[in-house]
1. At what distance in nm do the modelled label points of LYS18 and VAL60 sit from each other, each positioned 7 Å from its Cα along Cα→Cβ?
2. Distance check, please: which entries in LYS11/LYS37; LYS11/LYS57; LYS16/LYS55; LYS11/LYS55; LYS8/LYS30; LYS30/LYS57 exceed 20 angstrom between their Cα atoms?
3. So how far apart, in nm, are the two label points at ILE28 and LEU4 if each is 7 Å from Cα heading toward Cβ?
4. Near the amide H of LYS18, under 5 Å away, which other amide H atoms are found, from residues 5 or more places off or on another chain, if H is placed in the peptide plane?
5. Taking N as the number of residues in the stretch 1-60, what value does Rg over Cα atoms divided by 2.2 N^0.38 Å take?
6. With n ≥ 4 as the cut-off for DSSP H runs, can you work out [θ] at 222 nm for the chain, using -39500 (n - 2.57) per run divided by the number of residues, rounded to the nearest 500?
7. Which one, LEU65, SER7, THR33, is farthest towards the positive end of the dipole of the chain when Lys and Arg carry +1 and Asp and Glu -1 on their Cβ?
Amino acid sequence: INSLKISKLLKGYRGKSKADVEELAQTIMKLGTFAEKNASRLIEMDINPLIVRTKGKGVVAADALIHYLEEIK
């Protein structure tokens with residue numbers, strides 16, 4: 001996260017409040033775990049935007065789309 005161009009904004013650029021970077025990191029890890037566990041069925045996962053709120057307030061997925069393969073019986 002620190003290597004991203006947006007990292008300055010997340011750290012409280014120009015007097016703005018710091019973002020909840022810890023929760024952002026946890027969310028990214030959870031999404032990765034979800035994708036890994038569902039890799040055989042997961043076609044696509046899109047979260048846009050993922051809103052990172054002020055430190056201590058978490059993150060919010062304003063819109064999300066997940067496509068799975070249908071189970072073959």
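1. A separation of 2.2 nm, rounded to one decimal place.
2. Working: LYS11/LYS37 32 Å; LYS11/LYS57 15 Å; LYS16/LYS55 11 Å; LYS11/LYS55 10 Å; LYS8/LYS30 24 Å; LYS30/LYS57 17 Å.
Beyond 20 Å: LYS11/LYS37; LYS8/LYS30.
3. Here the answer is 0.6 nm between the modelled labels.
4. Residues meeting the criterion, in which the H sits 1.01 Å from N, are LYS55.
5. Values: Rg = 13.5 Å, N = 60, 2.2 N^0.38 = 10.4 Å.
Compactness ratio reported: 1.29.
6. Numbers: 2 runs with 21 residues, N = 73.
It lands at -8500 deg cm²/dmol.
7. Comparing the listed Cα positions along the dipole, SER7 ranks first.
Values quoted throughout were computed directly from the atomic coordinates according to the rules given, and no laboratory measurement underlies them. Here the structure is a predicted model, which is why all the values come from computation and not from measurement. For neighbour counting, all protein chains shown are included, and Cβ atoms are generated from backbone atoms with ideal geometry for every residue, glycine included.
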